[in-house]
Amino acid sequence: MLLTTGNVPELEIEPISIYFHIIAELLMGLLLLISGIGLLIKQKWGNLLFVLSNGLLIYSVINSSGYYGDKNEWAMVIVFMLILVLSVAFSLITIKESCNF
């Protein structure tokens, strides 16, 4: 969203770093979509890929919280913390169901 509005000063300040960050975020999104399909069609690999891609999401929301916290945008930090709690919960549920605990 920030890219479409031109609000990414890092494109000029730290272009290599932000491009790697964007690629990592796109990969995370793609893996989350693929794992969601795997979960919907009840494939065992869907559970494994979901836990992996959810780990990427957990890292991303923690990192993004710091970015927005530096900008004093606390509403975004709260949103990311909610996503963090849900992601951890869903990962734990998936791990529990996959391991038959």
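Length gained on full extension, K96 to L48: 16.1 nm, using 0.36 nm per residue less the C-alpha separation.
Can you give me the angle between helix 15-40 and the longest principal axis of the chain, using Cα atoms only, in degrees from 0 to 90, rounded to the nearest 10? Once rounded, the angle reads 20 degrees.
Where only DSSP H runs of four or more residues are counted, the chain gives -29000 deg cm²/dmol as its mean residue ellipticity at 222 nm, each run worth -39500 (n - 2.57). Between 0 and 90 degrees, the angle of helix 44-70 with respect to the longest Cα principal axis of the chain falls at about 30 degrees.
When the alpha carbon gyration tensor of the stretch 2-99 is reduced to an equivalent ellipsoid, the three semi-axes, largest first, read 29, 16, 10 Å. Axis angle, to the nearest 10 degrees, between helix 74-99 and the longest C-alpha principal axis of the chain: 20 degrees.
No value in this document is a laboratory result; all are computed from the given coordinates. Quantities reported herein were computed from a predicted structural model and do not represent experimental measurements.
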